[in-house]
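K.L.:
Shown below is the structure under consideration.
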Amino acid sequence: MESPFASLHDHFPDGFFMQRHRPIIMPETHSHGHVEVLLPIGCSLTYHTQTGLYLAESDKLSVLWGHIPHRVTKVEGDGEILIANLPLAELLSWSMPEAFLGELLTGKLVSATSGDPLNQSLFERWIDDLKSNDIQRSSISRMEIQLSLRRQSLTGWHAQKIKDPYQEDRSSPDQHPPMISSRQSSRVISMIRFIAENFTQPIDTGQIATAGGVSKGHAMGIFKKMLGTNINRFLTQLRLHHAKSALSDTDDKILTIALDSGFGSLSRFYEVFLAETGHTPQSFRKLQHQAKD
């Protein structure tokens, strides 16, 4: 699980995984489904997202949602970066502050306002736990990551945006997202929370819209405007990511995983899984286990 970022096109493992490597300047943007919990050690990194440039300072936690196109544009110092990669649904289930989620889900790099001398040793332990291939140790690591983020919330988070001296030559990774009001953002976050808490159940777009306090049509519009994808697609991807994590991280039966992920039936699970991945759940699990050996 200790992986240098050799190529921006490398396949990201599914489920929870860790990285440790020397950071590099990325020649192009990339995106993925994970939330990255970052800890630069002995270096600081500048990240470029669709909302601007953000600084990840040495020895301070930063969090980035990988779904937002991003890249590292500057590295200062000869250090390394430690990264815990988490499924979005997992982070959303941790009751993080509304302001934190609002900034994270709109494409900002959210950073701790202060460092913690224990962070490095914690990351190193989480890496060792994952290397052990012990499911129980890995599960405890994930709980410790949750507690670390919630403890940091007591001190505070901020998005440390920095001025781009070459703004005229450096357009956003894709294009700037349409403007969305804080009220609309709050409603979308309420919908995302509802999806994250209920995606294992047979929920529909109407229920999701109600959770956001808006009509179905308005919900679909502001959701697409903020996240660049529609509600049903987001729901399916969340279920699929949960299933892929379970296939990778547990030995649960395929039927159990299908139902626990909210697909409703084994046939529907197979249909979506094969269409999205090109593999059956069994062959996907086999490939994941081979990669860990």
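K.L.:
Can you confirm whether segment 208-231 contains a residue that is of a type in the set (K, R), surrounded by fewer than 16 Cβ atoms within 10 Å (Cβ to Cβ), assigned to a loop (DSSP other than H, G, I, E, B) and not assigned by TED's automatic domain parsing to the domain that holds S95?
P.N.:
no
K.L.:
Kindly provide the set of residues from segment 143-192 that are at pLDDT 85 or above and among the basic types (K, R), ordered by number.
P.N.:
Of everything in segment 143-192, those that are at pLDDT 85 or above and among the basic types (K, R) turn out to be R150, R151, K161, R187.
K.L.:
So, in segment 124-166, how many residues would count as being assigned to a strand (DSSP E or B) and buried (at least 18 other Cβ atoms within 10 Å of the Cβ)?
P.N.:
Restricting attention to segment 124-166, the residues satisfying the condition of being assigned to a strand (DSSP E or B) are 157-158, 161-162.
Subsequent filtering for residues that are buried (at least 18 other Cβ atoms within 10 Å of the Cβ) retains 157.
The number of residues fulfilling the criteria is 1.
K.L.:
In the list L101, L91, L105, which residue meets the criterion of being touching a Phe, Trp or Tyr at 6+ places or on another chain (Cβ under 7 Å), buried (at least 19 other Cβ atoms within 10 Å of the Cβ) and assigned by TED's automatic domain parsing to the domain that holds S153? Quick ask: steps written out before the conclusion?
P.N.:
Working: L101 fails: touching a Phe, Trp or Tyr at 6+ places or on another chain (Cβ under 7 Å); L91 fails: touching a Phe, Trp or Tyr at 6+ places or on another chain (Cβ under 7 Å).
Criteria check complete, one pass: L105.
K.L.:
Tell me which of these G115 doesn't satisfy, since it passes every other one: (1) farther than 27 Å from S186 by Cα; (2) in a helix (DSSP H, G or I); (3) out of contact with any helix residue (DSSP H, G or I) (no Cβ under 7 Å at 6 or more places or on another chain); (4) of a type outside the set (A, V, I, L, M).
P.N.:
Unmet condition: (2).
K.L.:
Name the strands (runs of 3 or more DSSP E) wholly inside segment 23-89 in which the number of residues that are among the β-branched types (V, I, T) is 3 or more.
P.N.:
Working: elements: 34-41, 44-49, 52-56, 62-65, 71-76, 80-87.
Correct list: 34-41, 71-76.
K.L.:
For segment 38-60, which positions are surrounded by 19 or more Cβ atoms within 10 Å (Cβ to Cβ), out of contact with any helix residue (DSSP H, G or I) (no Cβ under 6 Å at 6 or more places or on another chain) and closer than 20 Å to R125 by Cβ?
P.N.:
Residues satisfying the conditions are L38, P40, K60.
The values are calculated or read from the model by the stated rules, or taken from the named source; none is laboratory data. No experiment lies behind these values; they were computed from the predicted model shown. Cβ coordinates were reconstructed from backbone atoms using ideal geometry, including for glycine residues, and neighbour counts include every protein chain displayed.
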